[in-house]
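S.K.: Quick one: the structure is below, and I'll ask about it shortly.
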Amino acid sequence: MNPNIGWVLHGIMWFLAGLLMVAWPGGAMLPGGLADPLLVLTLLIATFCRPGQAALWGLASGVIAGGISGGDMAGLCLSRIVLAFALSMLAQRDTALNKVQRSLLVGTAALLASILLILVSPPAELGRVFQATLLAALINVALAFGFTHILQYWFVRRVF
Amino acid sequence: MKKRRRLSPDTVWLILALVMGLALGRMQTVARGNQSVDPLTRTVRTVYLPLGTGLRPMIEGPGMFFSGIGSAGAVAQQRQTIAQLKSAMELYAAEAAEWQRSYESLAKQQQGPNYGRIRVPAQILLYSPYRATITLSKGREHGVVVGQGVVADGGLLAVVTQVDAVRCQAALITSNSQAVGAALRGEPPAVGLVRGESSQRLIFEYTQPVAIKPGSVIVTSGFSEHIPPGVPIGFVTESNKDRDFGSLRAFLVPRAKVDRVREAWILK
């Protein structure tokens, strides 16, 4: 498939993931955890592009998430930029990531993003949020697996 | 001479992204300090919120559908509970209306005239339509004696015929075995006896040759040891003269009707 079409399709999917955050607010996704399809897609695309681009995807993702939820935009942006960049670097080093590895990597990164966010701006009910975060990580891994399937088909592997 | 190391484009982008992230965060904090929303957040919300909100029913709909199937049993049970509550409420409303009617009747009677006697309130415990009698909740202990009048609903209802310690029985004026001294209210006077013909009709037999018009009120005459004068008995519907026996008759509708009352007053 033409990588440009892949980027367009990814852009649409990324936009829809943002819409999903409004249309299906976190808790409704699955019981117990807050799935974050926007974060998962951002981290996943980071494994397919250059680190500089990954950082920009992270920035855009932070802006959208912060804008929609009204959360701490700086914290969201910084955590996502750093993780997307690191994930891209890691993926660049190892070019033979299979779907499961990629999903686990993205799931772990999503968990790290949540933990980073908790550290940057600690919530009032830390225990409950942490529990929800761990459950969300499992949901995010499952989401990542589904998205990897699609993105791997669009980009084959790294296209830049 | 030290060789100057150039930053890679990726690192430059990273630094730029981080700086922008911090700047946007700062912008958000400043806007919040001014109790407003920063332009970027406003733009994001303008784009995402209307679309996302419009999308919500499409996403929530199937979930609600399956959730509805799952909770159908509970819904049916709730429906049954609501039906039970509704019938209980209707029963309660009917009872409340009955109590209200009873209260109004009592209040009306409380305010009614005592005809110069002490009024003993009594509850109608039993009504026998075939014998045209009622059993009342007051007896000898309350000063009730045979022959006393029982008033209710603004008129004479019955006459006490049997008394025991705490209860008494009274024959309704509609009973054909009961006769009460009666008189036409107003001029010219006509005195006679009223006795029952049916549960809805009384007969007033009098001797004075006066014309009694329909609508006239017949009251107790007072020619009795226990029943005072002036207690309304009924309204005249028609009057006629029996040529064969030479008696004069008027037919009345009783003023007090037993099916409308639950309480009565014994005139002591």
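The values are calculated or read from the model by the stated rules, or taken from the named source; none is laboratory data. All of these numbers come straight from a predicted model, not from anything done at the bench. Here the Cβ is made from the backbone with ideal geometry for all residues, glycine too, and neighbour counts use every protein chain on show. For the accessible areas, the whole protein counts, side chains as well, though only heavy atoms, and no ligand, DNA or RNA atoms are used. Shrake-Rupley method; radii C 1.70, N 1.55, O 1.52, S 1.80 Å.
S.K.: So which of B:V219, B:V210 ends up being of a type in the set (V, I, T) and closer than 22 Å to B:W265 by Cβ? Give the steps one after another, and end with the answer.
M.R.: On the way: B:V210 fails: closer than 22 Å to B:W265 by Cβ.
Result: B:V219 is the single residue among B:V219, B:V210 that is of a type in the set (V, I, T) and closer than 22 Å to B:W265 by Cβ.
S.K.: Does B:G186 satisfy being open to solvent by 20 Å² or more (accessible area, probe 1.4 Å) and within 17 Å of B:G149 (Cα to Cα)?
M.R.: On the way: open to solvent by 20 Å² or more (accessible area, probe 1.4 Å): yes; within 17 Å of B:G149 (Cα to Cα): no.
The answer is no for B:G186.
S.K.: Take the conditions crowded, with 19+ Cβ neighbours inside 10 Å, modelled with pLDDT of 80 or more, within 9 Å of chain B (Cβ to nearest Cβ) and assigned to a helix (DSSP H, G or I) and apply them to A:G67. Does it pass? Full working, then the answer.
M.R.: Details: crowded, with 19+ Cβ neighbours inside 10 Å: yes; modelled with pLDDT of 80 or more: yes; within 9 Å of chain B (Cβ to nearest Cβ): yes; assigned to a helix (DSSP H, G or I): yes.
The answer is yes for A:G67.
S.K.: Given the conditions (1) in a helix (DSSP H, G or I); (2) more than 14 Å from chain A (Cβ to nearest Cβ); (3) polar (S, T, N, Q), which single one is not true for B:Q123?
M.R.: Of the numbered conditions (1) in a helix (DSSP H, G or I); (2) more than 14 Å from chain A (Cβ to nearest Cβ); (3) polar (S, T, N, Q), the odd one out for B:Q123 is (1).
S.K.: Hey, among the residues in segment A:94-117 that are within 23 Å of B:L16 (Cβ to Cβ) and without any contact (Cβ under 8 Å) to a residue 60 or more places away in the chain, which one's most open to solvent (accessible area, probe 1.4 Å)? Spell out the reasoning first.
M.R.: Restricting attention to segment A:94-117, the residues satisfying the condition of being within 23 Å of B:L16 (Cβ to Cβ) are A:109, A:112-113, A:116-117.
Then keep just the ones that are without any contact (Cβ under 8 Å) to a residue 60 or more places away in the chain; that gives A:112, A:116-117.
Numbers: A:L112: 86, A:L116: 63, A:L117: 52 Å².
Among them, the one singled out is A:L112.
S.K.: Being over 17 Å from the mean Cα position of the chain (by Cα) and part of a helix (DSSP H, G or I) is the filter here, so list the residues in segment A:118-154 that pass it.
M.R.: Narrowing segment A:118-154 to residues over 17 Å from the mean Cα position of the chain (by Cα): A:119-131, A:153-154.
Selection gives A:L119, A:V120, A:L126, A:G127, A:R128, A:V129, A:F130, A:Q131, A:Y153, A:W154.
S.K.: Then there is this: Can you tell which of B:L55, B:L22, B:L40 is open to solvent by 60 Å² or more (accessible area, probe 1.4 Å) and assigned to a helix (DSSP H, G or I)?
M.R.: Values: B:L55 fails: open to solvent by 60 Å² or more (accessible area, probe 1.4 Å); B:L40 fails: open to solvent by 60 Å² or more (accessible area, probe 1.4 Å).
Only one candidate qualifies: B:L22.
S.K.: Could you please let me know if B:G68 is surrounded by 12 or more Cβ atoms within 10 Å (Cβ to Cβ) and either touching a residue at least 12 places away in the same chain (Cβ under 8 Å) or part of a helix (DSSP H, G or I) (or both)? Let's see the steps before the verdict.
M.R.: Numbers: surrounded by 12 or more Cβ atoms within 10 Å (Cβ to Cβ): no; either touching a residue at least 12 places away in the same chain (Cβ under 8 Å) or part of a helix (DSSP H, G or I) (or both): yes.
Considered against the rule, which asks whether it is surrounded by 12 or more Cβ atoms within 10 Å (Cβ to Cβ) and either touching a residue at least 12 places away in the same chain (Cβ under 8 Å) or part of a helix (DSSP H, G or I) (or both), B:G68 comes out as no.
S.K.: Can you name every residue in segment B:191-211 that is modelled with pLDDT of 85 or more, among the hydrophobic types (A, V, I, L, M, F, W, C) and open to solvent by less than 60 Å² (accessible area, probe 1.4 Å)?
M.R.: Listed by number, the residues that qualify are B:V191, B:V194, B:L202, B:I203, B:F204.
S.K.: From the residues in segment A:118-159 that are among the polar types (S, T, N, Q) and crowded, with 17+ Cβ neighbours inside 10 Å, which one is farthest from A:G75 (Cα to Cα)? Write out each step before concluding.
M.R.: The initial filter retains those residues of segment A:118-159 that are among the polar types (S, T, N, Q), namely A:121, A:131, A:133, A:140, A:148, A:152.
Subsequent filtering for residues that are crowded, with 17+ Cβ neighbours inside 10 Å retains A:133, A:140, A:148, A:152.
Working: A:T133: 16, A:N140: 20, A:T148: 26, A:Q152: 30 Å.
Across segment A:118-159, the extreme among qualifying residues is A:Q152.
S.K.: Please go through segment B:172-181 and pick out each residue that is surrounded by 22 or more Cβ atoms within 10 Å (Cβ to Cβ) and closer than 18 Å to B:P228 by Cβ.
M.R.: Of the residues in segment B:172-181, the ones surrounded by 22 or more Cβ atoms within 10 Å (Cβ to Cβ) are B:172-174, B:180.
Listed by number, the residues that qualify are B:I173, B:V180.
S.K.: Another one. Out of all the residues in segment A:84-110, which are polar (S, T, N, Q) and outside any helix (DSSP H, G or I)? Steps first, answer last, please.
M.R.: Taking segment A:84-110 and keeping what is polar (S, T, N, Q), we get A:88, A:92, A:95, A:98, A:101, A:103, A:108.
Listed by number, the residues that qualify are A:T95, A:N98.
S.K.: With the requirement that a residue be in contact with a strand residue (DSSP E or B) (Cβ under 8 Å, 6 or more places away or on another chain) and either assigned to a loop (DSSP other than H, G, I, E, B) or open to solvent by less than 60 Å² (accessible area, probe 1.4 Å) (or both), what does segment B:243-256 give you? Write out each step before concluding.
M.R.: First, pick out the residues of segment B:243-256 that are in contact with a strand residue (DSSP E or B) (Cβ under 8 Å, 6 or more places away or on another chain): B:247-256.
Correct list: B:S247, B:L248, B:A250, B:F251, B:L252, B:V253, B:P254, B:R255, B:A256.
S.K.: Related question: Identify, by number, the condition in (1) open to solvent by 70 Å² or more (accessible area, probe 1.4 Å); (2) assigned to a helix (DSSP H, G or I); (3) of a type outside the set (A, V, I, L, M, F, W, C) that B:Q35 doesn't meet.
M.R.: Unmet for B:Q35, out of (1) open to solvent by 70 Å² or more (accessible area, probe 1.4 Å); (2) assigned to a helix (DSSP H, G or I); (3) of a type outside the set (A, V, I, L, M, F, W, C): (2).
S.K.: So, B:L16, is that one in contact with a Leu (Cβ under 8 Å, 6 or more places away or on another chain) and either within 14 Å of chain A (Cβ to nearest Cβ) or more than 30 Å from B:V231 (Cα to Cα) (or both) or not? Talk me through it step by step, then tell me what you get.
M.R.: Details: in contact with a Leu (Cβ under 8 Å, 6 or more places away or on another chain): no; either within 14 Å of chain A (Cβ to nearest Cβ) or more than 30 Å from B:V231 (Cα to Cα) (or both): yes.
Criteria not met by B:L16.
S.K.: Identify, from the list B:G63, B:G143, the residue that is among the small types (G, A, S), open to solvent by less than 50 Å² (accessible area, probe 1.4 Å) and over 30 Å from A:M13 (Cβ atoms).
M.R.: Numbers: B:G63 fails: over 30 Å from A:M13 (Cβ atoms).
Only one candidate passes the filter, namely B:G143.
S.K.: Tell me yes or no: at least one residue of segment B:57-79 is more than 48 Å from the chain's Cα centre (by Cα), within 14 Å of another protein chain (Cβ to nearest Cβ) and farther than 30 Å from B:H226 by Cβ. Step through it out loud before you land on a result.
M.R.: So the first thing to find is which residues in segment B:57-79 are more than 48 Å from the chain's Cα centre (by Cα), and the list is B:58-59.
Adding the requirement that they be within 14 Å of another protein chain (Cβ to nearest Cβ) leaves B:58-59.
If we keep only those that are farther than 30 Å from B:H226 by Cβ too, we end up with B:58-59.
Yes, there is a match, as at least one residue in segment B:57-79 is more than 48 Å from the chain's Cα centre (by Cα), within 14 Å of another protein chain (Cβ to nearest Cβ) and farther than 30 Å from B:H226 by Cβ.
S.K.: Name the residue, out of A:I81, A:I115, that is assigned to a helix (DSSP H, G or I) and within 14 Å of another protein chain (Cβ to nearest Cβ). Before you say what the answer is, go through the steps one by one.
M.R.: Working: A:I115 fails: within 14 Å of another protein chain (Cβ to nearest Cβ).
Every option except A:I81 fails the conditions.
S.K.: Working only within segment A:39-52, note down all residues that are surrounded by fewer than 24 Cβ atoms within 10 Å (Cβ to Cβ) and more than 7 Å from every other protein chain (Cβ to nearest Cβ).
M.R.: Answer for segment A:39-52, where residues must be surrounded by fewer than 24 Cβ atoms within 10 Å (Cβ to Cβ) and more than 7 Å from every other protein chain (Cβ to nearest Cβ): just A:C49.
Quick grid of which residues meet (1) over 18 Å from B:D153 (Cβ atoms); (2) in a helix (DSSP H, G or I):
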position: B:A88; (1), (2): yes, yes
position: B:S102; (1), (2): no, yes
position: B:P113; (1), (2): no, no
position: B:Y127; (1), (2): no, no
position: B:I134; (1), (2): no, no
position: B:E141; (1), (2): yes, yes
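S.K.: Collect the residues in segment B:116-140 that are within 25 Å of the chain's Cα centre (by Cα), at pLDDT below 90 and among the hydroxyl-bearing types (S, T, Y), keeping them in residue-number order.
M.R.: Once the filter is applied, which keeps residues that are within 25 Å of the chain's Cα centre (by Cα), at pLDDT below 90 and among the hydroxyl-bearing types (S, T, Y), segment B:116-140 yields only B:Y127.
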